[in-house]
Amino acid sequence: MRVYVPLTLPGLAEAHEAGELGPAPLRAYAVTAGLREWYVSDDVEELEYAALGRAAAASLRMLAEDGTAPRKRVVVAVDVADDAATAAPGDEEAALGRVALAAAVRLTVAAAVHVDAEDALEDVEAAVAAVGAADRGDEDARLTVDAAEDHELLWFGVQEIPGLLK
């Protein structure tokens, strides 16, 4: 099962230094039964893209909690055994696709790292400032968050992490 772990650049630096994503339980996103039902698709690639999007949204919220982190969303894609991830309880939208990993995961087995491009920074920074209001139902703030979500995350190999941290 492919899972998507939301991080910030400082979180990625910590994982790189430790050689693993952790500690457990580790929050991630994956194609769960709830996500399949919500997204209404049988296309695995579309569903995985939706899970990646959910992780990117979680990364945005992590940025909102960390005023010092560079304003780039970060998601690490990792393949784990199906029984390594447990779906989050609840059927509210916030829990869709959310899973918990019971153990730390070696960073060397990560499939990819996804990070915002430089041209997304202005929209991501605005979204970080607006995400709280968007979560409370402010429609203008939701549009600001959506503008950040319109930016595709770039794909990087694990061996490129040192360059991402400069």
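Values quoted throughout were computed directly from the atomic coordinates according to the rules given, and no laboratory measurement underlies them. Please read all numbers here as calculations on a predicted model, not as lab measurements. Note: ideal-geometry Cβ built from the backbone for every residue, glycine included; neighbour counts use all protein chains shown.
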For the chain, built as a Gaussian network whose Cα springs stay under 10 Å, the top-fluctuating residue of GLU37, GLU92, GLU139: GLU92
Global form of the range 1-69, assessed from the alpha-carbon gyration tensor, a/c cut-off 1.5: prolate
Gap separating the Cα centres of the range 49-80 and the range 1-22, nearest whole Å: 10
Axial C-alpha extent at least 27 Å, average Kyte-Doolittle at least 0.0 - helices from the chain (DSSP): 44-65
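Which of the peptides 145-156, 96-107 is most tightly packed, and how do the rest follow, judged by the mean count of other Cβ atoms within 10 Å per residue?
96-107, 145-156
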Structure-based [θ]222 nm, the chain - -39500 (n - 2.57) summed over DSSP H runs of at least 4, per residue, nearest 500: -12500 deg cm²/dmol
Cβ-defined net charge surrounding ASP42, 13 Å radius [Lys, Arg +1; Asp, Glu -1]: -4
For the chain, built as a Gaussian network whose Cα springs stay under 10 Å, the top-fluctuating residue of THR144, THR68, THR86: THR68
